[in-house]
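Each value in this text was obtained by applying a stated rule to the coordinates, not by laboratory testing. All values derive from a computational prediction rather than experimental measurement. Ideal geometry is used to build each Cβ from the backbone, glycine not excepted, and the neighbour counts take in all protein chains shown.
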Amino acid sequence: MVAKWKITVALLLILFCSCAQEKKTHGNGIIISFEKDTDVNADSILELSFLKLQTKDSCLVKNVGLIRELNNCLLILDSANSNLYVFNKSGAFVNQIGKKGSGPGEYILLSSFFVDNNKNYIAAIDVAQDKVLYYNATDFSFLYERRLPFSTSCCLQLEDGNLLWNSREYTDSKLSDFYFVVTDSLFDIIDYKMNKEFKSGYTTGPSQMIYKVGANVFAYTPFDLTIYRVGTSEIVPAHSFSFEGTDIPSLDFLNKISNQGNSNYLYDLIQSDYISYYSVEETERDLFVCYMKNKEKYIGLYDKDTDRTYNYPIKIFQDQLKVGELNYFSIGSVDDYHVAPLDVLSLKDMAGNGYVFDDKLSELLTISNEEDNSILLFVRIKK
């Protein structure tokens, strides 16, 4: 299971945007259409800022897989090395939460975490040991841990205090029939959400397909272009996407290329004309859609205030922002900014070949070494 889960993580985000649209609604919520590549320069509609993370032997971050705010600090999950770090908003290292191992309070392979501000704890999921570890959100000390009764890799707290988990089960059990499950705080199952028609141990999409905006929790699945607002006793369509004549693969096609879910189908899916991957990052201000079609990566932006959409091939998008190579966006947001790690070694190589960077990013590069932690790009639509 762990090896197959890593396949999900390996396929990283990509996005797409288009021109002004009227807001349309139907049974699947607001329809957000990304039709043609926009001719508006991305630099003119976006706010950018950068943060250089401190580099020490005790906080070497290879992959910023998940980032969340906590008490004016940044919690960062290094999904490559499976460590959970705390930095302040100036980029200085504060602490590491927990440590590697198989004892109490120790983890082997962290996949996700969430914060309960009311109860003042951080809950981290260890998929290798099927347990959740709880740490104090003030001093980061270990509190307790609880074994998981099912296979999962991410969780968020619903408004009523119950928990929404993804289900990684794909064998013969009721959990394998659904993408998500709701439990109480003791992990007793309350309800199942979103029927899973296509079952396979190989998955596409980001490692976490649930997210939070304010008090609302949203969920989506790899082969449905609708985002749902989820509660303990309800599931309501919130947004639905369309992509210029391109759709998600049909169930028949998926079963065919996967030998009824028994074979790795990801290569054939990427080679197809279908949307082979998409991920969503949403804030109160805007929504970013990362997706891949015809083996190309795109980024789509939706401005909630103006109902405008913008569509860019990722290569054009990153060059218009003068930020080098955008490999992926981290899961999570900070102050309504979406976050993308920029690899210092790659940036320095590009600078050596004459690439012209954003002035602020260029300044940070002059004081960075090739082995340093990533520089974080923060980006959001301008007001």
State the Cα centre-to-centre distance between region 72-118 and region 29-56 in whole Å.
27
Would you be so kind as to identify which of 263, 330, 276 lies farthest towards the positive end of the dipole of region 241-333, taking Lys and Arg as +1 and Asp and Glu as -1 on Cβ and the Cα centre as origin?
263
Net charge dipole size for region 163-243 [Lys, Arg +1 and Asp, Glu -1 on Cβ; Debye, nearest 20]
240
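Take every DSSP beta bridge with both residues inside region 23-140 and express the antiparallel ones as a percent of the total, to the nearest 5. Before the final figure, lay out the partial values.
Details: 31 of 33 bridges.
In region 23-140, DSSP labels about 95 percent of beta bridges as antiparallel.
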Given charges of +1 on the Cβ of Lys and Arg and -1 on the Cβ of Asp and Glu, with all other atoms neutral, how large is the dipole of the chain about its Cα centre, in debye to the nearest 20?
500
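Compute the relative contact order of the chain as a whole-number percentage, counting only Cα pairs closer than 8 Å that sit 6 or more residues apart in sequence. Each step should come with its number before you reach the end.
On the way: 929 pairs, mean separation 83.2, N = 383.
Answer for the chain is 22 percent.
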Can you sort 229, 380 by how many other beta carbons sit within 10 Å, fewest first?
229, 380
Once you have a ≥ b ≥ c as the square roots of the Cα gyration tensor eigenvalues for region 145-299, tell me rounded if a/c is under 1.5, and otherwise prolate or oblate according to whether a/b is larger than b/c.
oblate
Gyration tensor verdict on region 288-360 (Cα atoms; rounded if a/c is under 1.5, prolate if a/b is larger than b/c, oblate otherwise):
prolate
Could you name the aspartates and glutamates whose alpha carbon sits less than 20 Å from that of residue 193, not counting residues in the same chain fewer than 8 places away?
159, 160, 169, 172, 177, 184, 224, 234
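Classify region 67-119 as rounded, prolate or oblate, taking a ≥ b ≥ c as the square roots of the eigenvalues of its Cα gyration tensor: rounded when a/c is under 1.5, otherwise prolate if a/b is larger than b/c and oblate if not.
On the way: a/c = 1.95, a/b = 1.45, b/c = 1.35.
Prolate shape, in that a/c is at least 1.5 and a/b is the bigger ratio.
Placing unit charges on C-beta atoms (Lys and Arg positive, Asp and Glu negative, everything else neutral), compute the dipole magnitude of region 127-194 about its Cα centre in debye, rounded to 20.
Here region 127-194 has a charge dipole of around 200 debye.
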